[in-house]
Amino acid sequence: MKAHISNKLYFNMYQTITKIARTFFSNAQIYKYGFNWSPMYRRTTAKVTEVSNDLLYVKIKIPLSYKNKNFVGTIFGGSLFSATDPLYMIQLINILGKDYVVWDKAATIKYKKPARSTVYCEFIFKNDEIKNIKSVVAEHGEFNLIKNTNITDKNGVVISELSKTIYVANKSFYKEKLKLRRNK
């Protein structure tokens with residue numbers, strides 16, 4: 001019970017800070033600096049470097065440093081994975097708004113080459129893709145979106161391939177689904 005209250009408190013804390021920040025900053029600024037100042041994201045060693053005003057585009061960089069260097073001198077695979085983990089989900093939460101529930105559901109990463117220097121990753125949504133998500137959710141109540149992206153070096157050489165499954169649902173559909181699950 002105490003952990004549940006604590007988690008709810010932190011979730012509300014981030015929402016409250018975001019609400020206050022919207023008075024002074026754009027959503028893109030809040031997204032960028034919120035990630036970069038957040039203790040949980042800072043530990044990944046990554047940094048959000050670019051965010052479009054509509055939040056459809058986000059770019060990160062993951063520098064090779066003593067904090068993420070593995071036994072053989074390359075970026076630890078867990079650092080690559082954790083640095084990319086929350087971005088699509090938080091993008092969609094902000095793009096879609098309060099009428100939707102968005103969760104990371106699954107992820108895979110395929111390591112292609114060792115990361116021997118700073119690497120980069122882009123998280124891109126298109127307007128048509130957002131319209132499609134809303135349309136499918138309006139028709140079916142929920143949707144599992146699969147997004148693929150690559151982690152690359154400065155020359156565009158693919159270091160890792162990332163695939164994310166993101167669950168999106170209409171908030172009222174999701175609440176009803178939880179209610180039915182609890183009653184079983």
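Could you please tell me the mean projected area of the C-alpha convex hull for segment 85-133, averaged over all directions and given in square nanometres to one decimal?
If I average the Cα hull's projected area over directions, I get 4.6 nm².
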Check: List the lysines whose alpha-carbon lies under 19 Å from that of LYS175, not counting same-chain residues fewer than 8 positions away?
Finding: LYS8, LYS98, LYS105, LYS134, LYS184
Check: In the neighborhood of SER38, defined by Cβ-to-Cβ distances under 14 Å, what is the net charge if each Lys or Arg adds +1 and each Asp or Glu adds -1?
Finding: +3
Next item on the list: Take the Cα pairs of the chain, get the Kirkwood Rh, then feed it into Stokes-Einstein at 37 °C and 0.692 mPa s and tell me D in µm²/s.
Entry: 184
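Report the net charge of residues surrounding ILE124, where surrounding means a beta-carbon distance below 10 angstrom and charges are Lys +1, Arg +1, Asp -1, Glu -1.
+1
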Checklist line | Overall dimensions of segment 82-174 by Cα: Rg and Dmax, Å | finding: 14.8, 47
Item checked: Solvent accessible area, Å² - LEU64, 1.4 Å probe, full protein context -> 50
Check: Given a 1.4 Å probe, how much area per residue of the chain is accessible, in Å²?
Finding: 64
Check: What is the Cα centroid distance between segment 17-32 and segment 94-139, reported in whole angstrom?
Finding: 21
Check: Taking the Cα centre of segment 108-156 as the origin, how large is its charge dipole in debye, to the nearest 20, when only Lys and Arg (+1) and Asp and Glu (-1) carry charge on their Cβ atoms?
Finding: 380
Next item on the list: Find out how many positive minus negative residues lie around PHE25, taking Lys and Arg as positive, Asp and Glu as negative, among other residues whose Cβ is under 14 Å from that of PHE25.
Entry: +3
Notebook entry, point to check: Is it possible to state the helix-based mean residue ellipticity at 222 nm for the chain, with each DSSP H run of 4+ residues giving -39500 (n - 2.57), the sum divided by total residues, to the nearest 500 deg cm²/dmol? What is it?
Noted result: -13000 deg cm²/dmol
Next item on the list: Heavy atoms only, probe 1.4 Å: what % of the accessible area of the chain goes to carbon and sulfur, would you let me know?
Entry: 56
Checklist line | the chain, relative contact order [Cα under 8 Å, separation at least 6], % | finding: 19
Next item on the list: Multiply the residue separation of PHE25 and LEU96 by 0.36 nm, subtract the distance between their alpha-carbon atoms, and state the gained length in nm to one decimal.
Entry: 23.7 nm
Checklist line | segment 65-141 - percent relative contact order, Cα under 8 Å, separation 6 or more | finding: 31
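The values are calculated or read from the model by the stated rules, or taken from the named source; none is laboratory data. Everything numeric here is computed off the predicted structure, so don't read it as measured data. With ideal geometry, Cβ positions are generated from the backbone for all residues, glycine too; neighbour counts draw on all protein chains shown. Side chains are part of the model used for accessible areas, which takes the heavy atoms of the whole protein and leaves out ligands, DNA and RNA. Shrake-Rupley method; radii C 1.70, N 1.55, O 1.52, S 1.80 Å.
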